[in-house]
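See below for the structure under consideration.
The values are calculated or read from the model by the stated rules, or taken from the named source; none is laboratory data. These figures come from a predicted structure and were not determined experimentally. Counting neighbours? That spans all protein chains shown, and the Cβs are built from the backbone with ideal geometry, glycine included. Side chains included, ligands, DNA and RNA excluded: accessible areas come from the protein's heavy atoms. Shrake-Rupley method; radii C 1.70, N 1.55, O 1.52, S 1.80 Å.
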Amino acid sequence: MNHLSAEELNKLDQSELIKMILSQQEEIKKLDNKLQCFLEEIADANRRRFGRSSEVFENDNQISFYEIDGVVFFNEAEAVYDEENEDSPAPLAKPKRPKGKKAADISKLEVVKTTEYYLSEDELDREFSEEGYKKLPDEIITRYYFVPAKVGLEEIHVGVYSGKKSEKMVKAKFPAYLMRNSLVSPSLEAGVINAKYTNAVPFYRIEKQFEADGLNISRQEMARWTIASAERYLSVVYDYLHKQMYTYHVLHADETPVLVNKDDRPAGSKSYMWVYRTGSFMERPIVLYEYQRTRNASHPRDFLKDFTGVCVTDGYQVYHTIENEREDLKIAGCYAHARRRFDEALKALPPGSRKNSLAYKALAMIQAIYNADNALKDLPPDERLIKRQTAVKPLVEAYFAWCHAHENRISSKNKTGRGIAYSLNQEKYLRVFLDDPDVPLDNNSAERAIRGFCIGKKNFVMIDTISGAKASAIIYSLVETAKANNLNVYGYIKHLLTEIPNHMDDSNTDFCEELMPWSESLPAECHKKQ
């Protein structure tokens, strides 16, 4: 609208003035929303760059719900419209560190070095003179003593025999080679794998450490050993675990980008490492990685083709596409992703105004859902299902009622609006857990399973070849599965590389059953010290 003078404004009638003011108010509202979005983006960018990444929600103003005889009743109307009337329970106290933990930890260790410091007789005479002295019990100071990793040579003596009169020759039976005509052993390769895939140490740093110990083992040589070990041996267990995964009825899925240097595409093209994990409520966890050059639906479609059940995801559309193609696959949503946008919105606000914001209200309601469901985690599945219907479902109903009530009252362009829109778009999937006791609230198990790879790729930046990426997927799978089953990664990988070569001529893979992370026949070195 053009600028009007005072005289021109005086000539306008009331209806025209009202129309003009309403129009201006609408424009101001739009500008205010744009400014708010802009300020949010700046604050969020600063937080990502300089702030903490934690999503811990400090809520001293919890959403009200009442429990009577084990049943939770939620005032839905109050949750939607009366936003000022909330109970204020005291914040939870921080858990105390268990007493005696330090003594319990060091009791597992053997004393490998004892150093003694005593006074000489002359020193004692000077201190006590003619009074004399008596010896009291020693003061014992305990501390850790570290012995650096050591590499030596292992000699394997194989008896060779021949007939006295014939040319017949016989050798004693001995374990199969890991790699013929190579100095690498299961123990050394397991050490390399543990350093790179458990502790995220790149090959070039391992090479430098070997150099410091006087060993000339190049990163190229380690890469060849590792790829060959994965392709020839560890892949056998990987494939066996893949079949085992189909016997579960709840899985988690996630993916993360990775750069592969030599994949016949332009430099900088993104590849993806997908991860699948068995349900977090289930025993004997399995974690499997899969390398793919793209992020399209064909990859999870193929990986999950023989799986029947529920797959928990972060809301990525390709999973929903696959669900629509099948009747025996259901997709469940993730509340951690639903709350993430509200968390970002809250952190973008000035501290003094956070508790009066819609983002805070949304986080409080989601936290109430988590609190109620976490209280049920140790119950048997059938009891957990009943309690979810009585104690958790009312909170879920109230949350979505609140989202629908605010759907058209806030711009979908700012983070709070995006959070509401995300929850409503994912409502069908975010309700799935209510009808299945083995489905968790979120996809955090998959994100934890893929974290090791994400830490590793920050150190090695990119993978050189496709074969290296596929080998990494196999090895990360076994490393993360071992960790999930509370095994000693080094001991387990060493055991696999020792045993699998002895079965390469077997007609089937039944021997893998004794190599599973939960097998009772695993040697003691595969288990963490208790």
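Points to keep in mind about this one:
- The packing ranking of peptides 158-166, 376-384, highest mean first, is 376-384, 158-166, where packing means the average number of other beta carbon atoms within 10 angstrom of each residue.
- Across the options 449, 391, 350, the greatest Cα extent toward the positive end of the charge dipole of the chain (unit charges at beta carbon of Lys, Arg, Asp, Glu) belongs to 449.
- Here the peptides 333-340, 270-277 are ranked by packing, the mean other Cβ count within 10 Å, and the order with the highest first is 333-340, 270-277.
- Mean separation of Cα contacts under 8 Å (6+ apart) over length of segment 282-382, as relative contact order %: 18
- Estimated dipole of segment 330-465 in Debye, rounded to 20 [Cβ of Lys and Arg +1, of Asp and Glu -1, Cα centre]: 660
- For the chain, the solvent-accessible area works out to 62 Å² per residue, with a probe of 1.4 Å and every protein chain left in place.
- For the peptides 430-439, 98-107, the ranking by mean Cβ contacts within 10 Å, running from highest to lowest, is 430-439, 98-107.
- Each Lys or Arg adds one and each Asp or Glu takes one away; over the other residues whose Cβ falls under 12 Å from the Cβ of residue 249, this sums to -2.
- Once C-alpha pairs closer than 8 Å and six or more residues apart are averaged by separation and normalised to the residue number of segment 358-421, the relative contact order reads 31 percent.
- Computed magnitude of the charge dipole of the chain (debye, nearest 20; Cβ of K, R +1, Cβ of D, E -1): 1580
- Helix-only arithmetic for the chain: the sum of -39500 (n - 2.57) across DSSP H runs with n ≥ 4, divided by the residue total, places the mean residue ellipticity at 222 nm at -13500 deg cm²/dmol.
- Carbon and sulfur %, accessible surface of segment 412-486 computed with the full protein complex present, 1.4 Å: 50
- When the solvent-accessible area of segment 222-320 is split by element, carbon and sulfur atoms take up 46 percent of it, the probe being 1.4 Å.
- Taking the longest Cα principal axis of the chain as reference, the axis of helix 489-499 is set at about 50 degrees.
- The mean sequence distance of close C-alpha pairs (under 8 Å, at least 6 residues apart), as a share of the length of the chain, puts its relative contact order at 21 percent.
- Judged by the ratio a/c of the largest to the smallest principal axis of the C-alpha gyration tensor, segment 254-347 counts as oblate, that ratio being 1.5 or greater while a/b is no larger than b/c.
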